[in-house]
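**Student:** A single structure is presented below for examination.
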Amino acid sequence: MESVWQACPPKKDVTKVVTLCNTEDAPLSTTSGQAHSSVDVAKVQQAVFHLDHISKVYRMGDNEIHALRDVDLDLQPGEFVVLLGASGSGKSTLLNILGGLDRPTSGRVRYRDHELTSATVGELTQFRREHVGFVFQFYNLIPSLTAFENVALVTEIAASPMDPDEALGLVGMVERRNHFPSQLSGGEQQRVAIARAIVKRPDVLLCDEPTGALDYPTGKLVLSVLQHVNQTLGTITVVITHNAAIAAMADRVIRISSGRIVEVQRNVTKASPEEISW
């Protein structure tokens, strides 16, 4: 499907753009709470997502809740990123803005050469359909459809999907393809949900507490699946969690507190899911 979005106008001075991608091994932090490092023009142009001074304010009567405060973020091709923070820190709001489910109150969101901040509802729907895969804490599978049918349903609206059995194979669920959700364990249902998210070949996979409803060994299995998808397909994978142990398997760890990014750390050596514990 040909995109109907308008391309972003070129930046007048891209050398002033900042990113949260750390070029040092040590974490970056500033007294203002927002982590920054300058990058060259090529790095900025390579970014798949660019968030510039994003803030989000929810208004409830006379009260204002500042969910995000002046957030800058770039996501590079193939990255595995963990957004780490306590409940209420703003990480789910950030994930929703990345996925086109919500809009910032101020700031700009750019996906490649497309401006998402000013996109219409229809254009955001097209963006999610073509480019974003979602994995939530609860699986949201359709009870009356088998594992195969849940995955295949997405292929009917995707531009160039993979075969549903290929997606199920990537998460180790081909042998359970004809089972209904009620016949699957929690971990198996989450693996089917991941297959459903990746079958359309998304550019980014956004995972909101994907192990939150699972026991320890099953959670580690799901993390192994996410790592396999990231490495095999090269899909940008963003996992939000309050579990600090998961940070060890990421390329970058972004810590969020009170709506601000307070620290960015790059893992020189990533741990496998089998090596982490909590």
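The values are calculated or read from the model by the stated rules, or taken from the named source; none is laboratory data. Predicted model only: the values in this text are computed from it and were never measured. We place every Cβ from the backbone using ideal geometry, glycine too, and count neighbours over all the protein chains shown.
**Student:** Mind listing whichever residues of region 161-174 are over 20 Å from LEU223 (Cα atoms) and assigned to a helix (DSSP H, G or I)?
**Tutor:** Passing the criteria: PRO164, ASP165.
**Student:** Ok, one more. Based on what the data block shows, is ILE240 in contact with a Pro (Cβ under 8 Å, 6 or more places away or on another chain) and over 14 Å from VAL192 (Cα atoms)?
**Tutor:** no
**Student:** When you scan region 167-190, do you find a residue that is modelled with pLDDT of 95 or more and among the hydroxyl-bearing types (Ser, Thr, Tyr), even just one?
**Tutor:** Yes, that holds for at least one residue.
Quick grid of which residues meet (1) within 16 Å of the chain's Cα centre (by Cα); (2) buried (at least 16 other Cβ atoms within 10 Å of the Cβ); (3) among the acidic types (Asp, Glu):
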residue	(1), (2), (3)
LEU205	yes, yes, no
ASP208	yes, yes, yes
THR211	yes, yes, no
VAL229	yes, yes, no
THR232	no, no, no
THR235	yes, yes, no
ALA247	yes, yes, no
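**Student:** Restricting the search to region 254-278, which residues are farther than 22 Å from PRO104 by Cα and touching an Asp or Glu at 6+ places or on another chain (Cβ under 8 Å)?
**Tutor:** Selection gives ARG266, ASN267, VAL268, LYS270.
**Student:** Which strands (runs of 3 or more DSSP E) sit wholly inside region 48-158 and have at least 2 residues that are under 29 Å from THR269 (Cβ atoms) and in contact (Cβ under 8 Å) with a residue 60 or more places away in the chain?
**Tutor:** By residue number, 49-60, 63-75, 80-84, 132-135.
**Student:** I'm trying to understand the selection: among the residues of region 106-132, which are more than 19 Å from LEU73 (Cβ to Cβ) and either among the aliphatic types (A, V, I, L, M) or touching a helix residue (DSSP H, G or I) at 6+ places or on another chain (Cβ under 7 Å) (or both)?
**Tutor:** VAL121
**Student:** So, one more: Of the conditions (1) in contact with a helix residue (DSSP H, G or I) (Cβ under 9 Å, 6 or more places away or on another chain); (2) crowded, with 19+ Cβ neighbours inside 10 Å, SER185 fails just one. Which one is it?
**Tutor:** It fails just one condition, (2).
**Student:** Further question on the same structure: If THR117 satisfies all but one of (1) farther than 29 Å from ALA244 by Cβ; (2) at pLDDT 95 or above; (3) buried (at least 16 other Cβ atoms within 10 Å of the Cβ), what's the number of the condition it fails?
**Tutor:** Every listed condition holds for THR117 apart from (2).
**Student:** Would you check if there is a residue in region 135-142 being farther than 30 Å from ARG176 by Cα and within 12 Å of the chain's Cα centre (by Cα)?
**Tutor:** Scanning region 135-142, I find no residue that is farther than 30 Å from ARG176 by Cα and within 12 Å of the chain's Cα centre (by Cα), so the answer is no.
**Student:** On to the next question. For the condition among the polar types (S, T, N, Q), farther than 30 Å from GLN183 by Cβ and touching a strand residue (DSSP E or B) at 6+ places or on another chain (Cβ under 8 Å), what is the one hit in SER92, SER87?
**Tutor:** On inspection, the qualifying residue turns out to be SER92.
**Student:** Which members of region 260-275 meet the condition of being surrounded by fewer than 18 Cβ atoms within 10 Å (Cβ to Cβ), outside any strand (DSSP E or B) and not polar (S, T, N, Q)?
**Tutor:** Listed by number, the residues that qualify are VAL268, LYS270, ALA271, GLU274, GLU275.
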